[in-house]
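Everything on this sheet refers to the single structure shown next.
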Amino acid sequence: MSTAETRTRRLVYNEPTLLDTLAAWLLALLWILPLAYAVWTAFHPSEYSTRFELLAPLTLSNFSRAWEAAPFARYFLNTAALVVMILAVQLVLATLAAYAFARYEFRGRNIAFALVLVQLMVMPDILVVENYKTMARLGLVDTLLAIGLPYFASAFAIFLLRQTFLGVPKELDEAARVEGAGPLQILWRVYMPLARPVYTAFALVSVSYHWNNFLWPLIVTNSVNARPLTVGLQVFSSVDQGVDWSIITAATLMTSAPLLIAFLLFQRQFVQSFMRAGIK
Amino acid sequence: MKQRSVHAWLMLLPAMLLLVAFTHWPAVSTFIDSFHSTPRGARPSVWVGLENYQVMTQDPVFWKAVRNNLIFAAATIPASIGLALAMALWVNERMAGRAFLRMAYFTPTVLPMIAVANIWLFFYTPQYGLLERFTGMLGLPAHNWLGSPSTALGAVTAVAIWKEAGFFMIFYLAALQSLNPSLREAAAIEGASRGYFFRRVLWPLLMPTTLFVLINACINAFRMVDHLFVLTRGGPDNASILLLYHLYEVGFSFWDTAYASAITVVLVLVLAAIALFQFFVLDRRVHYK
């Protein structure tokens, strides 16, 4: 085979064909279509919601009407508080547990770790009946704490951080100990800074999971006081008393906006974080 | 040494307590409750043996949910994995508008399922929805996609695939980017066709990723029900009901918590089976790096 032939072959080999490009674009357009349609409807007066004219007037009134029609401000506040609370507790608990698993020899370690891993399969999302009973017994129904409690100890976070901590060179650990640092100081000064990318990755995954979580919050809340955005949106859009589509779509986009904007701004970090979180 | 052991347990304790309280204990007590009756008013719960499971075997809605869930799984798992792989292969190439493509594929993943369902509800709406207008343009008869038993399950399945594929794409993309570029050069020099290169080189190397994604897709097939609340509520006539949604209805609409516990046990067993399959079959065969 001559070199010229190889070169052309390799060029052809490396470049996706026109057909590939076409198919990829077609799929992407199909994928973005429902969203684009929602954006169109939300930003135009309702008479244009199913009429596509290039010069249709733009408006923000759908958003302001949706905002006034339901206590979305409260829902936003609830969701924000919920997401921050869950993440903060998850990080503290998982850091301590992961450190114990990674750097301590103790009796029952393997059994304890196996027990942690159980949660990766039997997740709180399924055990709603029993967890509801527990919350009722504790008198916590319809509180933000009740939504968060089953998720505070995250097996996923413990697993992820343990893997990371295991990769930290023991010499660093020993050097810090020689200088007289206690175990928690070592954790704080040596391990946590080295695991920063993993913390970011887990934080993004956790925040988007709990921002979007629906079933458990639906079950355990019954008033505006604790209802997060997802449940609020469902309550708002299922009251079909002639609420028109433009307003529902506006409300829908509004509730997804913070995550969507964050995603568009930090696309690279998002994608990398999800990658990192998925790789064992 | 003893002291270090105490330290370790102290650090473990808060997480362990919460795990026991909200994962292990509920799993065990669900099992126990499934052999008892539902307490109603002054009547406390009593041991009824297998009665809840007998009710289950005679509950047509339960069987409908099982059947639907299996169809849902059989459709979403291969479709979302296949699409994810195609997306990743495309986005990994130097293709025109690659950044846009990646964004378009991944965006559904960051949206709440409830919001997604609202958007799709509008998309599927009879007469006004985009889908109807499109099929209308092609001269096809009007059809209520969510309202007719023959298409409701298909319609909610499509939404799930749309939501999931971009998520799985990420893992394939990560795997593809970690592959050694010389593999490809070698294949080009050898004159291997694209199909051959994919079959004999890429696909085997991507196997660990495929299995990881497969497990996640299996779990999701039994966990994803949020969209049903908006799109169909399991209807019409339970045509699109899934197991977890049935569990919700039994437990929190009819408040038959004992029977709901029995359904939970079935779901836990399904998930445990997936876990055991992963542990004993897959992890033995696949050698992670």
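The values are calculated or read from the model by the stated rules, or taken from the named source; none is laboratory data. As the structure is a prediction and not an experimental result, all values here were calculated from the model. All Cβ positions, even for glycine, are placed from backbone atoms using ideal geometry, and neighbour counts span all protein chains on display.
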Please verify whether B:Leu179 is modelled with pLDDT under 85, hydrophobic (A, V, I, L, M, F, W, C) and surrounded by 14 or more Cβ atoms within 10 Å (Cβ to Cβ), treating the condition exactly as stated. yes
So which of B:Leu244, B:Leu183 ends up being under 23 Å from B:Pro78 (Cα atoms) and outside any loop (DSSP other than H, G, I, E, B)? B:Leu244
Filter region A:101-132 down to the residues that are facing chain B (nearest Cβ under 7 Å) and farther than 30 Å from B:Phe252 by Cα and list them by number. A:Tyr104, A:Phe106, A:Arg107, A:Ala112
If we keep just the residues of region B:86-126 that are within 8 Å of chain A (Cβ to nearest Cβ) and among the aromatic types (Phe, Trp, Tyr), which is surrounded by the fewest Cβ atoms within 10 Å (Cβ to Cβ)? B:Phe100
Checked against (1) over 23 Å from the mean Cα position of the chain (by Cα); (2) surrounded by 15 or more Cβ atoms within 10 Å (Cβ to Cβ); (3) assigned to a helix (DSSP H, G or I), B:Asn144 satisfies every condition except (3)
Only one of these is under 21 Å from A:Thr164 (Cα atoms) and either at pLDDT 95 or above or of a type outside the set (Ser, Thr, Tyr) (or both): A:Val89, A:Val141, A:Val128. Name it. A:Val89
Selection from region B:244-261 of residues more than 10 Å from every other protein chain (Cβ to nearest Cβ) and within 21 Å of the chain's Cα centre (by Cα) yields B:His246, B:Glu249
Any idea which residue in region A:175-185 is nearest to the other protein chains (Cβ to nearest Cβ), counting only those that are part of a helix (DSSP H, G or I) and of a type outside the set (S, T, N, Q)? A:Pro183
Residue hits (region B:1-53; part of a loop (DSSP other than H, G, I, E, B) and within 26 Å of B:Ala272 (Cβ to Cβ)) are B:Ser34, B:Phe35, B:Ser37, B:Thr38, B:Ser45, B:Val48, B:Gly49, B:Leu50
Checked against (1) at pLDDT below 90; (2) part of a helix (DSSP H, G or I), B:Asp237 satisfies every condition except (2)
For region A:215-228, check the following and say yes or no: at least one residue is assigned by TED's automatic domain parsing to the domain that holds A:Ala136, among the charged types (D, E, K, R) and in a loop (DSSP other than H, G, I, E, B). yes
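So which of A:Trp216, A:Trp211, A:Trp188 is modelled with pLDDT of 85 or more and at the interface with another protein chain (Cβ under 8 Å from one of its Cβ atoms)? Walk me through how you get there before you give the answer.
Numbers: A:Trp216 fails: at the interface with another protein chain (Cβ under 8 Å from one of its Cβ atoms); A:Trp188 fails: at the interface with another protein chain (Cβ under 8 Å from one of its Cβ atoms).
Matching residue, one of A:Trp216, A:Trp211, A:Trp188: A:Trp211.
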What is the number of the single condition among (1) more than 9 Å from every other protein chain (Cβ to nearest Cβ); (2) closer than 20 Å to B:Phe167 by Cβ; (3) at pLDDT 90 or above that B:Ile215 does not meet? (3)
Restricting to region B:186-229, name every residue that is in a loop (DSSP other than H, G, I, E, B) and of a type in the set (A, V, I, L, M, F, W, C). B:Ala192, B:Leu206, B:Met224, B:Val225
